[in-house]
Every structure is written in structure tokens, then in C-alpha cells.
1. Going by average Cβ neighbours within 10 Å, how do the peptides 256-263, 16-23, 44-51 rank, with the highest at the top?
2. Quick one: length gained pulling residue 311 to residue 15 fully straight, 0.36 nm per residue minus the C-alpha distance?
3. Relative contact order for the chain: what is it in percent, counting Cα pairs under 8 Å that are at least 6 residues apart?
4. Please give the calculated 222 nm ellipticity per residue for the chain, where each DSSP H segment of at least 4 residues contributes -39500 (n - 2.57) and the sum is spread over every residue; nearest 500 deg cm²/dmol?
5. Placing unit charges on C-beta atoms (Lys and Arg positive, Asp and Glu negative, everything else neutral), compute the dipole magnitude of the chain about its Cα centre in debye, rounded to 20.
6. Taking the alpha-carbon set of the chain, what are its Rg and Dmax in Å?
7. Which far-off residues, 5 or more places away or on another chain, put their amide H under 5 Å from the one on residue 192, with H placed in the peptide plane?
8. Could you work out how much longer the chain between residue 75 and residue 199 gets when fully extended? Use 0.36 nm per residue separation minus the Cα distance between them, nm to one decimal.
Amino acid sequence: MYKQTCTNILSLSPVEVKKWLNSFDSVITDCDGVLWVYGNLISGSSDTINYLKKMGKSIYFCTNNSTKTRKELLVKGIELGFNITEDGIISTAHATAAYLKNRNFNKRVYVIGSEGIGKELDAVGIEHSGIGPDVMQGTLSTFMSQHLTLESNIGAVVVGFDEHFSFPKMTKAASYLSDPNCLFIATNTDERFPMPEMVVPGSGSFVNAIRTCAERKPTVIGKPNPAICQTLIKQNKIKPARTLMIGDRANTDILLGYNCGFQTLLVGSGIHNMTDVDQWKNSKDPEDKKLIPDVYLPKLGDLLPLILNSMTHGSY
């Protein structure tokens with residue numbers, strides 16, 4: 001329904017809204033830029049998600065944010081008023097730890113990231129380097145001759161969001177990755193965070209720096225890699241054709257939906273908006289066409305009044 005037309009739901013009649021709502025049973029939604037921005041609730045998002053759940057829709061939060069564990073994301077969601085459970089949260093930190101555990105990984109991990117990754121690795125018994133600053137000391141020659149120390153038994157480099165990203169970290173990561181048997185894992189490749197009036201580098205900025213230096217491509221755990229949702233599909237918890245993917249970033253959220261065969265809804269409260277969609281529609285690059293969503297809303301909270309209005313046109 002409305003496949004890759006970027007139809008504005010606000011332009012639909014109540015009957016058309018009702019028909020669209022009946023076309024999906026499950027909802028997978030991004031968090032930052034859709035539900036909240038930098039920890040602040042986006043108006044109407046919790047009421048809308050909770051009402052969709054009340055209607056019988058299965059709800060899953062799927063975030064590329066690797067800074068928090070699933071338990072921490074659960075606490076944050078509940079504090080903001082969302083009716084969710086830990087089983088309904090898909091996070092790249094948890095998925096990264098699960099990926100290594102499922103491979104029977106038995107070496108140490110060099111982590112460029114935040115405590116969320118460290119805690120999830122700890123939870124499955126995988127040893128890793130410490131989290132936090134690794135500051136450049138002195139000149140390059142001084143650093144290389146006196147301060148650069150490489151750990152032994154490093155079998156993987158995991159890169160996520162790291163506010164302490166530095167020259168020493170990039171040097172160590174690329175050095176470990178010179179061993180072709182060392183795994184190169186990226187939690188996600190989001191270029192930037194949805195922040196008002198400023199640009200905050202995302203994990204993808206760090207991943208691409210290391211990718212350039214190491215001359216290796218990473219295995220990307222998070223969106224748009226369909227692997228992050230494969231467990232839900234294999235366990236028949238969701239049916240792709242009857243699943244709605246909601247996101248604010250087309251090259252992760254909407255592309256994930258395209259890759260998995262989900263329906264897609266782009267909201268304009270984060271990274272991408274209708275101006276971007278118009279550019280992709282006019283582009284000759286077939287990859288850009290994959291970024292065009294099925295439907296669009298300025299923000300998720302705009303959906304609830306449409307749902308309530310459509311309820312006067314028959315039962316669901």
C-alpha cells in the first residue's frame with residue numbers, strides 16, 4: 001500500500017487512514033528523532049505508540065544507539081511514558097554482543113565506544129578493553145615511541161559512538177585490523193545525531209575514519225542490515241509484509257524497511273524530510289530510490305488524531 005510514494009498521511013481521508021492502519025500488525029520504530037530527541041520526548045509520540053499497542057499492534061523499539069544497554073533503554077522509555085518491555089527493544093550494543101557470542105568468540109575485543117557496549121559484552125562473558133579517554137600524549141614521534149602499547153589476544157575491533165574518539169584509538173584499531181583474522185565490527189553507520197542548530201558526529205563518522213585507515217570494510221550490525229530483525233522474522237513474531245518500520249533517517253530506518261520487505265513511514269522530526277525525498281525521487285541513482293518511504297508524517301504524534309478520527313468509520 002502506497003509503496004515508495006511518500007504519501008503524506010495527513011492528506012488521506014479517514015477511510016483511507018483506517019485501511020492503512022489495518023494493513024499492518026507490527027510496528028518497529030526508531031527512537032532518536034522519532035520518539036525523542038536527545039532524551040526529550042517528541043510531543044505526542046508516547047501517546048501514539050501506546051495507542052497503537054492498545055489497538056493490538058506488536059511494538060518494537062529498534063535503535064542504532066550503542067551507548068545504552070537494553071535495560072537502560074527500557075528505563076528511559078518508561079520514564080518518558082512508553083508502555084514497553086525489554087523484549088521489545090532491539091539495540092546494537094546487545095546485538096553486537098550476541099553476534100560475537102553466537103560465533104563462540106573467545107578472544108578480547110578492542111572497543112571504540114561507550115559503556116553500553118562494554119556492559120553488554122560483560123553480560124555474555126566476553127573480555128574487552130576499557131571504555132573512556134585515550135588521549136594523545138606529546139608529538140607523534142613521542143606517542144609512537146613511548147606511549148603506544150598494543151594489547152595481546154585482540155580478536156575483534158568494535159566501533160560505536162565514542163565521545164572520546166582520538167588519534168591513539170584510531171591508530172590502535174587500524175593496527176589490530178592489520179591482522180586479517182581480526183574481526184571489524186561496526187554497531188552502526190549513522191553519520192550524525194538529530195540535534196537542533198548543530199551537527200553532532202555519529203558512529204558512522206568514526207567507523208569511516210577507521211575504515212579508511214585500516215583499508216577494510218566492517219560488518220555492520222545495526223540498521224540498515226536486515227540481520228538485526230532476522231530473529232523476529234525467523235521466530236514468526238512479525239510478518240514482513242504486515243510490519244511497519246518508522247524512522248527519521250532514510251539511509252538506516254527506511255532502507256532497513258526496504259531490505260526486509262516492511263512497509264515504511266518517514267517522520268520529519270529528525271534527520272530527513274520531504275526535501276530529501278524530492279531529491280531522491282529526481283535522482284538517477286537506483287540506490288536513492290530505495291530511500292523513498294511509503295508514507296510520511298511531520299512527526300509521529302500527528303498520527304493519533306488521525307487514528308481517533310478514523311474510528312468513526314467502522315471497527316478495526
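1. 256-263, 44-51, 16-23
2. Working: separation 296, 0.36 × 296 = 106.56 nm, distance 0.90 nm.
Gain in length upon complete extension: 105.7 nm.
3. About 24 percent, as a whole number.
4. So the helix-based figure for the chain works out to -9000 deg cm²/dmol.
5. That gives a dipole near 940 debye.
6. Using the Cα atoms of the chain, the pair Rg, Dmax is 20.8, 75 Å.
7. 202
8. 42.0 nm
Every read-out reported here was derived from the displayed coordinates using simple, explicitly stated rules and does not represent laboratory data. Every value quoted in this text rests on a predicted model; they were computed, and no experiment measured them. Every residue, glycine among them, receives a Cβ derived from its backbone with ideal geometry; neighbour counts consider all protein chains shown.
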